[in-house]
Amino acid sequence: NGFSKIGASNALAGGVGVRTVAVGADGYIYAGGGMTSVSGVSTSSVGRFSGTGWTTLGAGLKGDPTAGVSIVHSSKVDKDGNILFGGFLTGSSAISSCGIIKWTVSSSGWTNMANGVRRNDSNFSTVFGIAVATNGDVWATGRFDSAGATTTTAFRVAKYSQAASAWQAVGGSGL
C-alpha cells in the first residue's frame, strides 16, 4: 500500500500548491493552499474532492489586493462539521474575514468569524495554526496583533468563543 493521487488528473496550477487538507464529516476532502486550479477546476486557494471530482468552494478566497493571491496554511473541522481555513487571506468574494474563515457545509457558503484577526500595521495577517476545543471554541495562531470586530489585543494567539461569537485574548494579550 501507499499514497495514490486524488482524482482523474493530478494537474495542479498556481503558486505554492496544496498546503493543508481536512476530511469533513460529510466525507469530502477539503484542500487549501495557493493553487488556482486542480484538475482544470478553478479553486482560488480552496477546493473540495467528492471522491469523483473537484469543485471550488463558492468563488474561493481573496488575498492581498496588491499581490492578488491568498494562501491557505491550515484547515480544521469544527464541532459542527464545518471547515475552518486559516492563512494569508482577506475573505471570500461575498464577505470579509482576515486570516481565518469558515466554510459552512450545511449552507455551502462562507461565514465571517467576527472579522478574523489583524496586524496593527495593515489589514493583512496570517493564521498558521488552528485548533478546535471539544466545546467548539477555536484557537488560532499566527502573525497578528488583534482579533475580532472590537480589535481585542491578541498577539500571535487568540481564542474564538463559539458561545459568544467573539475573539478573546489568551494569557493577557498573547505571546
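Here are the numbers:
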read-out	value
Among 30-38, 87-95, 128-136, 155-163, the order from most to least packed when residues are scored by Cβ within 10 Å on average	30-38, 87-95, 155-163, 128-136
Cross-link reach list, aspartates and glutamates versus LYS79, counting only Cα pairs under 19 Å and skipping chain neighbours closer than eight places	ASP26, ASP137
Cα gyration tensor shape for region 46-175, rounded if a/c is under 1.5, else prolate or oblate	oblate
Extension gain from ASN120 to SER107, taking 0.36 nm per residue of separation minus the Cα-Cα distance	1.4 nm
Cβ-based net charge around PHE88, under 13 Å, with every Lys or Arg adding one and every Asp or Glu removing one	+4
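Rule-based calculations on the coordinates, nothing more; no lab input. This is a predicted model, so every value here is computed, not measured. So basically every Cβ, Gly included, is an ideal-geometry build from the backbone, and we count neighbours across all protein chains shown.
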